[in-house]
1. Roughly what would the spin-label model give for residue B:115 and residue A:74, points 7 Å off Cα along C-beta, in nm?
2. Let me know the longest stretch in chain B that avoids all trypsin sites (Lys or Arg not before Pro) found in a DSSP loop with at most 11 other C-beta atoms within 10 Å.
3. Could you give the size of the charge dipole of chain B about its Cα centre, using +1 on the Cβ of each K and R and -1 on the Cβ of each D and E, expressed in debye and rounded to the nearest 20?
4. Placing unit charges on C-beta atoms (Lys and Arg positive, Asp and Glu negative, everything else neutral), compute the dipole magnitude of the protein assembly as shown about its Cα centre in debye, rounded to 20.
5. Restricting to lysine pairs 8 or more places apart or on different chains, what number in the protein assembly as shown have Cα atoms under 23 Å apart?
6. Among B:207, B:178, B:112, which one moves the most in a GNM of chain B with springs linking Cα atoms closer than 10 Å?
7. With unit charges on the beta carbon (Lys/Arg positive, Asp/Glu negative), name the residue among B:130, B:165, B:56 whose Cα is farthest towards the positive pole of the charge dipole of chain B.
8. If you take the charge dipole of chain A about its Cα centre, with +1 on Lys and Arg Cβ and -1 on Asp and Glu Cβ, which of A:154, A:224, A:97 is farthest toward its positive end?
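The values are calculated or read from the model by the stated rules, or taken from the named source; none is laboratory data. These numbers were taken from a predicted model, which means no experiment stands behind them. FYI the Cβ positions are ideal-geometry reconstructions off the backbone, even for glycines, and counts take in every protein chain you see. Protein only, heavy atoms only, side chains kept; ligands, DNA and RNA dropped before computing areas. Shrake-Rupley method; radii C 1.70, N 1.55, O 1.52, S 1.80 Å.
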2 protein chains.
Amino acid sequence: MVNTTRAPGTPGSGGTVGSAGPALRADAARNRERVLEAAAQVFAERGLDATLNDVAERAGLGVGTVYRRFPNKESLVEALFADRIDELMALAVEAVGHPDPWEGFVYFLERSLARQVIDRGLRDVLLHSGFGSHHVAEARDRLTPMVTELIERAQAGGHLRGDLVAMDVLMLVKMVGSVADYVGDDAPELWRRYLALLLDGLVTDRSSISSLGKPPSPETVERAMLRRE
Amino acid sequence: MVNTTRAPGTPGSGGTVGSAGPALRADAARNRERVLEAAAQVFAERGLDATLNDVAERAGLGVGTVYRRFPNKESLVEALFADRIDELMALAVEAVGHPDPWEGFVYFLERSLARQVIDRGLRDVLLHSGFGSHHVAEARDRLTPMVTELIERAQAGGHLRGDLVAMDVLMLVKMVGSVADYVGDDAPELWRRYLALLLDGLVTDRSSISSLGKPPSPETVERAMLRRE
DNA sequence: AACCAAGTGGAGCTACCCACTCCGCTTCCT
DNA sequence: AGGAAGCGGAGTGGGTAGCTCCACTTGGTT
């Protein structure tokens with residue numbers, strides 16, 4: 001969902017846009033929304049490599065219009081993903097509050113990965129930096145203590161192996177992410193198979209071995225390998 | 001392997017090719033070797049994105065010299081990685097011959113990943129296609145039955161979970177690969193930690209839980225996230 | 001209804017990158 | 001000594017992506 005709450009012309013709206021100014025004309029405000037929606041779609045599908053021309057085309061507008069609202073690509077990306085990142089934080093808070101520590105841990109991994117799989121742009125923002133690295137780094141710093149607590153609770157509960165640390169979680173997310181999304185309609189849930197495998201490596205209690213979904217077809221694997229990710 | 005377009009010729013010294021055409025001049029043959037060595041280094045360090053200018057510079061030669069021996073980038077890449085791929089096949093054969101089926105399976109994963117970690121170019125060739133995709137696809141087809149046997153033996157031995165298939169192995173390699181190499185001198189063996197985690201998810205017998213190495217530092221993770229891979 | 005600042009489109013500018021070529025000069029080898 | 005093979009590396013061509021410019025349109029105010 002696009003953040004529509006920011007008044008177009010209010011001073012310091014995005015934090016990035018310097019100029020305070022009069023309110024936007026009605027059509028301009030409408031187009032601003034269109035740009036944000038189009039950007040959300042395009043970046044979700046193709047990642048941050050998509051150009052602002054792509055975004056403009058999707059929005060049915062000219063590039064100039066896009067650049068009139070957002071001084072450059074980075075500011076658009078930031079406007080889009082700032083709240084996405086906050087949502088991840090909320091997810092962590094929610095997970096920490098889960099009655100079962102292990103379930104909370106799994107819940108966090110599963111849900112945050114699901115978001116990244118849906119939204120390739122989000123994965124790019126989180127895992128490949130470049131854009132908004134300031135925001136992301138800051139988010140990471142806020143997130144780390146939460147993850148640490150998530151881990152420690154699950155370890156105290158006896159379900160999670162003791163030698164896992166918060167930093168590992170990021171790496172695990174990256175691993176599963178590397179195997180996610182390739183496949184579009186083909187095998188969109190394949191990543192869950194490998195998350196399950198990983199979780200079975202994390203759990204202390206082997207009696208409850210995960211059941212994996214359908215294995216990938218050779219064609220799916222072929223396609224996965226072709227992606228430079 | 002192709003030699004040239006304009007100047008036919010084959011190395012007298014190389015022994016890699018049996019072919020038609022006059023022998024290379026002594027200095028030319030020497031330079032050809034230099035090019036190959038430089039290419040091996042540069043591609044190993046920076047992956048296939050490295051340019052032939054980079055290779056030439058590393059070799060202490062001009063680009064023209066590189067292109068005199070190899071008509072284009074692809075032919076150089078192919079000359080370099082054809083036998084690397086064959087080595088992987090040999091590895092699989094060796095692994096299948098291992099007395100302990102589970103150890104054979106682990107051996108294969110561990111060794112082939114170790115190669116890819118050392119050689120970023122090899123990872124690119126195997127996992128991101130583009131170059132030599134014909135060769136790679138063919139190699140994959142030859143490799144698949146070997147991996148299947150590897151898996152089935154380990155499953156028959158009771159060590160490997162039954163729901164794993166050959167295609168999974170490629171995906172697992174990709175996953176671990178995504179987390180490998182970033183780190184240069186920093187934490188070159190970090191990938192083993194995550195391979196161990198995965199293996200613990202693959203094994204049926206939980207009594208032998210792996211001991212992980214040192215966890216990554218925040219700086220290491222930071223750096224890992226910055227890489228677009 | 002008239003006016004004009006705000007807004008728009010999209011061709012095109014700029015800057016960059018990389019695979020590859022060209023050609024005057026050098027080196028090997030007979 | 002002669003000439004073919006080889007060499008260096010500036011330059012070319014082609015592609016891409018971020019961004020600008022400005023003639024034209026539109027919204028909203030008077």
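1. So the label points at residue B:115 and residue A:74 sit 4.2 nm apart.
2. The answer is B:26-229.
3. Values: 27 positive and 33 negative charges, 146 e Å.
Using Cβ point charges on Lys, Arg, Asp and Glu, chain B gives about 700 debye.
4. Roughly 1280 debye, rounded to the nearest 20.
5. 5
6. Greatest mean-square fluctuation among the candidates belongs to B:207.
7. Among B:130, B:165, B:56, the one farthest towards the positive end of the dipole of chain B is B:56.
8. After comparing all options, I get A:224.
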